[in-house]
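The values are calculated or read from the model by the stated rules, or taken from the named source; none is laboratory data. Everything numeric in this text was worked out from a predicted model, so none of it was measured. Note that each Cβ is placed from the backbone with ideal geometry, even for glycine, and that neighbours are counted across all protein chains shown.
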Amino acid sequence: MISQIFFSFLLMALCVYVVANKTIATWLKRLSFAGFVVALVFVWWQQGAVDLAKFFEIGRGVDLFTYVALIGISFLLLSTQGKIRKLERMTTDLARHLAIQGATKEGSGAGQRAQD
């Protein structure tokens, strides 16, 4: 009973954080909220997780949760990798732009010094 209360508060805190976070996309907020509701139901009604796992022909509810968690973590890792690659490209483009801009300023300044 104490663990159910603890996990319920933990899930509600995570839900509030996700919904209140302005940097998370709306579709991801809705999906996360639905996931939190399902997790909260399974915290209080463990037999429901077992029944759902048996429906999908998986042995236990914990196994179902593990499979879903692995799929979610894989999605998160791929999404994060894509964002990191995008930031790397943006950083490279910015560095290239600044290098070209600096070289252009130096080149025009050197020509003026030679004429003086």
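Residues of segment 10-44 that are assigned to a helix (DSSP H, G or I), within 13 Å of the chain's Cα centre (by Cα) and surrounded by 12 or more Cβ atoms within 10 Å (Cβ to Cβ): VAL18, LEU28, LYS29, LEU31, SER32.
Matching residues to (1) over 22 Å from PHE6 (Cβ atoms); (2) assigned by TED's automatic domain parsing to the domain that holds SER8:
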| site | (1), (2) |
| --- | --- |
| VAL19 | no, yes |
| LEU28 | yes, yes |
| SER32 | no, yes |
| LEU40 | no, yes |
| ALA53 | yes, no |
| LEU77 | yes, no |
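Among residues of segment 1-15 that are in the same structural domain as SER32 (by TED's automatic domain parsing) and farther than 14 Å from SER32 by Cα, those with a beta-carbon under 7 Å from a residue that is assigned to a helix (DSSP H, G or I) and of a type outside the set (D, E, K, R) at least six positions away or on a different chain give the pairs GLN4/VAL43; GLN4/TRP44; PHE7/VAL43; SER8/LEU40; SER8/VAL43. If you go through segment 59-78 and keep only what is exposed (fewer than 11 other Cβ atoms within 10 Å of the Cβ) and out of contact with any helix residue (DSSP H, G or I) (no Cβ under 9 Å at 6 or more places or on another chain), you end up with ALA69, LEU70, ILE71, ILE73, SER74, PHE75, LEU76, LEU77, LEU78.
Here ARG113 meets the list (1) of a type outside the set (Gly, Ala, Ser); (2) in a helix (DSSP H, G or I); (3) at pLDDT 85 or above almost entirely, failing just condition (3).
Being charged (D, E, K, R), part of a helix (DSSP H, G or I) and at pLDDT below 90, is that true of even one residue in segment 65-83?
Going through segment 65-83, the residues charged (D, E, K, R) turn out to be 83.
Add one more test, that the residue is part of a helix (DSSP H, G or I), and what stays is 83.
From what's left, at pLDDT below 90: none.
No, that holds for no residue.
The C-beta contact set for segment 31-55 (first residue in contact (Cβ under 8 Å) with a residue 40 or more places away in the chain, second residue of a type outside the set (Asp, Glu), distance under 9 angstrom, 6+ apart or interchain) comprises TRP44/GLN4; TRP44/SER8.
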